[in-house]
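Enquirer: Take a look at the following structure, please.
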Amino acid sequence: MIRTIVVTIAGLILSAMIAAAATSFMLSHTQFGRLMTGDSAGVGDRWQVFMSGSWVLFLFVSLPTVILVAVFVGLFTKTLTLAATAVAVLPISVLASGLVLRGAWISLVLVLFAGLLAGFSQRVVRRIVGG
């Protein structure tokens with residue numbers, strides 16, 4: 001049980017670190033990021049780039065963070081994997097919804113995807129370690 005708590009807290013810290021690194025990457029390597037930082041010199045249709053921003057944030061920040069944290073939690077927990085995964089990815093999945101009720105389905109999908117991925121990675125570890 002202590003191991004699960006430690007892995008969950010480590011997953012929360014890892015989630016914050018990955019989200020920060022992915023956001024920095026997104027801001028410097030996408031048109032949406034350049035538009036948000038004020039460097040819109042090479043941006044064609046600014047409105048279209050702005051409107052596609054939620055997908056850019058989802059694909060460059062939220063999804064990779066959820067995938068990596070779910071695999072991390074799945075690899076290192078022995079018990080209560082689904083609960084630990086849900087707690088570890090909950091902050092980033094809630095932020096992915098844009099903090100609006102209409103986007104709650106995005107949070108739900110990300111948490112379910114993380115649970116499936118953590119369960120799969122835990123099975124792989126059990127199969128390798130168990131023989």
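The values are calculated or read from the model by the stated rules, or taken from the named source; none is laboratory data. On a predicted model such as this, the values are computed, not experimentally measured, just so you know. So basically every Cβ, Gly included, is an ideal-geometry build from the backbone, and we count neighbours across all protein chains shown. Each accessible area value is taken on the protein alone, full model and side chains, heavy atoms only, with ligands, DNA and RNA left out. Shrake-Rupley method; radii C 1.70, N 1.55, O 1.52, S 1.80 Å.
Enquirer: Looking at (1) touching a residue at least 40 places away in the same chain (Cβ under 8 Å); (2) over 16 Å from the mean Cα position of the chain (by Cα), which is the only condition L14 fails?
Expert: L14 satisfies every listed condition except (2).
Enquirer: Further question: Looking only at region 107-120, filter to residues that are open to solvent by less than 40 Å² (accessible area, probe 1.4 Å) and either farther than 20 Å from P91 by Cβ or β-branched (V, I, T) (or both); which one of those is nearest to the chain's Cα centre (by Cα)?
Expert: Filtering first and then ranking leaves V111.
Enquirer: Of the residues T37, T77, only one is of a type in the set (S, T, Y), farther than 19 Å from L99 by Cα and modelled with pLDDT under 85; which?
Expert: On the way: T77 fails: modelled with pLDDT under 85.
Going through T37, T77 in turn, the sole match is T37.
Enquirer: With the requirement that a residue be part of a helix (DSSP H, G or I) and either of a type in the set (S, T, N, Q) or in contact (Cβ under 8 Å) with a residue 60 or more places away in the chain (or both), what does region 17-36 give you?
Expert: Initially, region 17-36 is screened for residues part of a helix (DSSP H, G or I), giving 17-29, 31-36.
A19, T23, S24, S28, Q31, listed by residue number.
Enquirer: Name the residue, out of F32, F72, F113, that is closer than 30 Å to V129 by Cβ, touching a Gly at 6+ places or on another chain (Cβ under 7 Å) and among the hydrophobic types (A, V, I, L, M, F, W, C).
Expert: Details: F32 fails: closer than 30 Å to V129 by Cβ; F113 fails: touching a Gly at 6+ places or on another chain (Cβ under 7 Å).
Checking each option against the conditions leaves just F72.
Enquirer: Considering region 89-104 alone, what residues qualify as being closer than 16 Å to G53 by Cα, aliphatic (A, V, I, L, M) and assigned to a helix (DSSP H, G or I)?
Expert: L95, A96
Enquirer: I've got another one for you. Residues of region 78-106 being closer than 16 Å to L12 by Cβ, open to solvent by 20 Å² or more (accessible area, probe 1.4 Å) and of a type in the set (V, I, T), which ones?
Expert: Within region 78-106, V87, V94 qualify.
Enquirer: Then there's this: Return the total of residues in region 20-58 being of a type in the set (A, V, I, L, M, F, W, C) and surrounded by 14 or more Cβ atoms within 10 Å (Cβ to Cβ).
Expert: So in region 20-58, the residues of a type in the set (A, V, I, L, M, F, W, C) come out as 20-22, 25-27, 32, 35-36, 41, 43, 47, 49-51, 55-58.
From the residues that got through so far, the ones that are surrounded by 14 or more Cβ atoms within 10 Å (Cβ to Cβ) too are 22, 25-27, 32, 35-36, 43, 49-50, 56-58.
Count: 13.
Enquirer: Give the residues of region 121-131 that are in a helix (DSSP H, G or I) and open to solvent by 80 Å² or more (accessible area, probe 1.4 Å), sorted by residue number. Explain how you work it out, then say what you get.
Expert: Within region 121-131, the first condition is being in a helix (DSSP H, G or I), and the residues that meet it are 121-130.
Answer for region 121-131, where residues must be in a helix (DSSP H, G or I) and open to solvent by 80 Å² or more (accessible area, probe 1.4 Å): R123, R126, R127, I128, V129.
Enquirer: Return only the number of the condition from (1) open to solvent by 60 Å² or more (accessible area, probe 1.4 Å); (2) over 29 Å from M36 (Cα atoms) that V71 does not satisfy.
Expert: Tallying (1) open to solvent by 60 Å² or more (accessible area, probe 1.4 Å); (2) over 29 Å from M36 (Cα atoms), V71 fails exactly one: (1).
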